[in-house]
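Only one structure is covered here, and it is reproduced in the block below.
The values are calculated or read from the model by the stated rules, or taken from the named source; none is laboratory data. Computed from a prediction, not measured in an experiment: that's the story for all the values here. When we count neighbours, we look across all protein chains shown, and the Cβ atoms used for this are built from the backbone with ideal geometry, even at glycine.
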Amino acid sequence: MVEAIIIFFVFAFGACVGSFLNVVIYRVPMGQSIASPPSHCPVCGHPIRWYDNIPILSWLLLRARCRHCRTPISIQYPLIEAATGLMVVGLYAAYFLAKVRTLGLGPGDPVRPAALDLANALPMFVAHAGLLCALLASAAVDLRYYVVPLPVMWTAAALGAVAVLIQPHPFLPSVPATAAAVSAAAGLGLLAGLWAIHRGWLTPSFIDAPDREGPVTPPARKEQPSARRRRKGGKGRRRRGSVGVTAADGVNPRLEVLREVLFLAPAFVLAIGAWALVTKVPAVAAGWGGLFDTAAHPLLAPRLSGLGGVLFGFLIGGLWIWGTRILATLAFGREAMGMGDVHILAGVGAVTGWAVPSLAFFLAPVSGVLIVLYLFIRRRQRELPYGPWLAVGTVLAMLFYDSLVRYVGPGLKVLFG
């Protein structure tokens, strides 16, 4: 009985989040604020009262029409709300009832499933549920507009960091002090690259490619998604022809992607410097490593290790896609993948650690059956958004983590452990 009540409230919470995701999916691609104006009918502009905004139920009671102008309300709204509710309930059932996660992937990581319940793992559950919601919103936007709403994945990454600060949990693979130092230094390097762009010392890649445009057209115009050209990344902004920019577009993709290498250079330089300090200088190694000693710092050490895991996961997740993008662009002379995909897998890594995005990177192509089906339905579509398949790969990695780790965990430890 208690579990049934918990499941009901978890579903209700998920459905409410789904209602908010509908706002995100509709407004963010168009560059609109998600806070104001309040929810309103896009046709008559009448504000939607609270009793007309109850997830799923209001759509049914209103018979899928606006109370005031009788304009049909898309079935997308209750579907997203129901899908989000079921997704969050499914995550709860998988983690706390079926206990599909019983393994970690680092020193001291084995999980005691009998001791793991919602009461002592609430921050972790909220972060993981938030990640799934972010992936759902990103996939929905990417499928329709060929845009990845970056703030959505940034929010998910922030949830991951907050969760380990509140309550360190075993579902985030631990990293040694050296990896934490390297991750922190690389993070500073990324900030240095952003500062260089802000100051005009470094130019973003593909900035000179043609056909840059503003926010996408609202769905009310009934524009065919197949007519929209691909743009990965940016807050509701896209550029025709990207991904897939070639020399025919007036830019040299190989030279353009070298700008991204320059952007990443400070991160690699600082990471190497941090590694040298904590491994070659005994005083630094002792001081830094001492911060991760749980006996000496029972409150600080687990949280510092957790933040290290968040940073390391963020970097490894993003590097899988960004490295592939750079190498493929240099090899084929055509812009490969999208920067939005980098942010998706980086956000996954920030919440789940380095192992899940590493697994998801290889699992995403396995969803090729879905891609073939999508191509069959949309035969004229020459380019496909990759974000949804990364989302599918992430869900598979989260649910089948134990089985996958038993097979590939040792190899991943060799690479990153």
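Values for this structure:
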{"item": "Residues (surrounded by fewer than 24 Cβ atoms within 10 Å (Cβ to Cβ) and over 30 Å from Val257 (Cβ atoms)) located in the stretch 306-341", "result": "Leu307"}
{"item": "Selection count where residues are in contact with a His (Cβ under 8 Å, 6 or more places away or on another chain) and surrounded by 16 or more Cβ atoms within 10 Å (Cβ to Cβ), scope the stretch 13-47", "result": "1"}
{"item": "Residue within the stretch 308-322 that is in a loop (DSSP other than H, G, I, E, B) and either on the phi > 0 side of the Ramachandran plot or not polar (S, T, N, Q) (or both) present", "result": "no"}
{"item": "Unique match (being among the aromatic types (Phe, Trp, Tyr) and modelled with pLDDT of 95 or more) among Phe206, Phe263", "result": "Phe263"}
{"item": "The stretch 22-53: number of residues that are under 22 Å from Arg70 (Cα atoms), part of a loop (DSSP other than H, G, I, E, B) and not hydrophobic (A, V, I, L, M, F, W, C)", "result": "8"}
{"item": "Meets criteria (more than 20 Å from Leu291 (Cβ to Cβ), modelled with pLDDT of 85 or more, out of contact with any Leu (no Cβ under 7 Å at 6 or more places or on another chain) and not small (Gly, Ala, Ser)) for Pro149", "result": "yes"}
{"item": "Matching option when the condition is modelled with pLDDT of 90 or more and among the small types (Gly, Ala, Ser), among Ala119, Ala98, Ala114, Ala157", "result": "Ala157"}
{"item": "Residue that is modelled with the lowest pLDDT [pool: residues in the stretch 268-307 that are of a type in the set (Phe, Trp, Tyr) and part of a helix (DSSP H, G or I)]", "result": "Trp288"}
